[in-house]
1. How much of the accessible area of the chain, in percent, comes from carbon and sulfur atoms when a 1.4 Å probe is used?
2. Answer rounded, prolate or oblate for the chain, using the Cα gyration tensor with square roots of eigenvalues a ≥ b ≥ c: rounded when a/c is under 1.5, else prolate when a/b is larger than b/c, else oblate.
3. In Å², and per residue, what accessible area does the stretch 3-52 have when probed at 1.4 Å with the other protein chains present?
4. Would you calculate, for the chain, the mean residue ellipticity at 222 nm contributed by helices, counting each DSSP H stretch of 4 or more residues as -39,500 (n - 2.57) and dividing by all residues, to the nearest 500?
Amino acid sequence: MGKLAIVKEFWDFLKVRKKWWLMPIIICLVLLGLLLIFSQGSAVAPFIYTLF
């Protein structure tokens with residue numbers, strides 16, 4: 001069972017249970033996580049961490 005299987009299972013859950021309101025929350029959390037990961041080694045990192 002790989003990482004793609006988890007995404008497929010989550011997508012099936014959203015389709016069956018009609019929980020479409022979860023999608024914007026998940027997208028925002030993923031984008032925030034990516035921002036923190038990619039800005040870690042850059043000169044912008046101190047400014048981003050002051051926001052939190």
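The values are calculated or read from the model by the stated rules, or taken from the named source; none is laboratory data. None of the values given here were measured: they were computed from a predicted structure. With ligands, DNA and RNA removed, areas are computed over all heavy atoms of the protein, side chains included. Shrake-Rupley method; radii C 1.70, N 1.55, O 1.52, S 1.80 Å.
1. Roughly 77 percent, rounded to a whole number.
2. oblate
3. Heavy-atom SASA per residue in the stretch 3-52 reads 89 Å².
4. The helix contribution divided over the chain gives -22000 deg cm²/dmol.
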